[in-house]
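So the structure is just underneath, and the comments pick up after that.
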Amino acid sequence: MNKKRAYWAIQSIGWSLYAIILLFGGYVVSSKFQLLMAVPIMVEAAFFFIFTHFFRLLNKKWNWFQLPVLKLLPKMLASIFIMAVPIYFIRVFVSFLLDIYSPTLLSTTNIVGNVIGNFFALFLWTSLYYAFHYFERYNLSLKYEVALNKMELDRLKSQLNPHFIFNALNSVRALIDEDPERSKKAINHLSNILRSSLSADRTVLIPFKDEMQTVQDYLAMETIRFEERLKTKINVSSGANAVLVPPLMFQTLVENGIKHGISKLKEGGLLTVDAFVHKKCLVVEIRNTGILHKNSVSESGYGLKNTKQRLKIIFKGKSQFKIRNESKNMVLTLVQIPIES
């Protein structure tokens, strides 16, 4: 059922139920209830139907939905009162035409009581109507936000993959000149990484175990190139393997640690990856030999901008990312991701 049909169905059923409730109440309370008395009530329900429909049209025309609550509320209450009063007098007029009019219908008590009753019925209708409208608009804004986030993540990944492939091919090219036999092994590792990269294009998150397999292939390829200049150590707790993480993110951080830290040192250095679960979070600590020069090394050089944006979009500010000098010759990159997300 589309929105238009749903609206008409709800209007018809809602005000019909209102009339049935009033009829049942009148039958139970009044000992002189006549079938003819049902007509004014049915007419009243029909005018509720008509008035609320025109109220809906005027809301759209005057664009009241865009108003803040404090400005909307007085207008809504005034409109409800304007509708509540004539609806009761229409009921009285119909009773008069059918010759079932009673002078008590125009007593102050009856007028005030019935107008208040009409007011609350209309207040309930308008409250539900505005609530539905705002919920629908909020739902649309969420869908719009999700679409924008997906576009941004796709853009970030599209930046990441060419950058990674370019660096990996440069590493293999250097090996071909130095040692063709070892370059074959590097190509095997590169093939595994590219396979992971293609899979990563189809998903936002992957198990940390799969991400670490890509990291290990990359480190194996770089170890062939750097030989004894690159030493690595990986320690991953079993609880960390199933945690979902953005693909190629940790590979990028490891790559940057080697490129901007260890590769610049004549004697090379050590790169370690420690991953464990702590307080419902995956904690990943990447350490590399080197010094982080905040004034001379741009954030984009360490892949920080890309990583920060992806973490912010996916985990909505619940993740943490830090990079700092842990000691004189050791840089620490810390990533913390909530498991429940």
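The values are calculated or read from the model by the stated rules, or taken from the named source; none is laboratory data. As the structure is a prediction and not an experimental result, all values here were calculated from the model. Neighbour counts run over all protein chains shown; Cβ positions are idealised from the backbone, glycine included.
What to note about this one:
- Failed condition for residue 280, given (1) closer than 27 Å to residue 315 by Cβ; (2) crowded, with 16+ Cβ neighbours inside 10 Å: (2)
- Whichever residue in segment 310-338 is surrounded by 15 or more Cβ atoms within 10 Å (Cβ to Cβ) and not in a strand (DSSP E or B) and, among such residues, is modelled with the highest pLDDT: 319
- Residue count, segment 88-139 (criterion: in contact with a Ser or Thr (Cβ under 9 Å, 6 or more places away or on another chain) and either acidic (Asp, Glu) or in contact (Cβ under 8 Å) with a residue 12 or more places away in the chain (or both)): 6
- Close contacts from segment 217-244, counting a first residue that is outside any helix (DSSP H, G or I) and a second that is surrounded by 14 or more Cβ atoms within 10 Å (Cβ to Cβ) and aromatic (Phe, Trp, Tyr), with Cβ to Cβ under 9 Å and a gap of 6+ residues or different chains, come to 235/276; 236/208; 236/276; 237/276; 241/208; 242/208; 243/208; 244/208.
- Residue list for segment 201-225, filter: among the hydrophobic types (A, V, I, L, M, F, W, C) and either more than 15 Å from residue 169 (Cα to Cα) or at pLDDT 90 or above (or both): 204, 205, 206, 208, 212, 215, 219
- For segment 57-76, residues that are modelled with pLDDT of 90 or more and surrounded by 14 or more Cβ atoms within 10 Å (Cβ to Cβ) total 1.
- Residue-level analysis places residue 31 among those that are more than 17 Å from residue 131 (Cα to Cα), surrounded by fewer than 15 Cβ atoms within 10 Å (Cβ to Cβ), at pLDDT below 90 and of a type in the set (S, T, N, Q).
- The single condition from (1) surrounded by 16 or more Cβ atoms within 10 Å (Cβ to Cβ); (2) in contact with a Phe, Trp or Tyr (Cβ under 9 Å, 6 or more places away or on another chain); (3) over 24 Å from residue 327 (Cβ atoms) that residue 285 fails is (3).
- Residue count for segment 77-131 under the criterion of being surrounded by fewer than 15 Cβ atoms within 10 Å (Cβ to Cβ) and either among the charged types (D, E, K, R) or not assigned by TED's automatic domain parsing to the domain that holds residue 58 (or both): the result is 1.
- Output for segment 106-120, where each listed residue is closer than 16 Å to residue 19 by Cβ and more than 42 Å from the chain's Cα centre (by Cα): 114
- Check on residue 187, under 22 Å from residue 287 (Cβ atoms), among the β-branched types (Val, Ile, Thr) and touching a helix residue (DSSP H, G or I) at 6+ places or on another chain (Cβ under 9 Å): no
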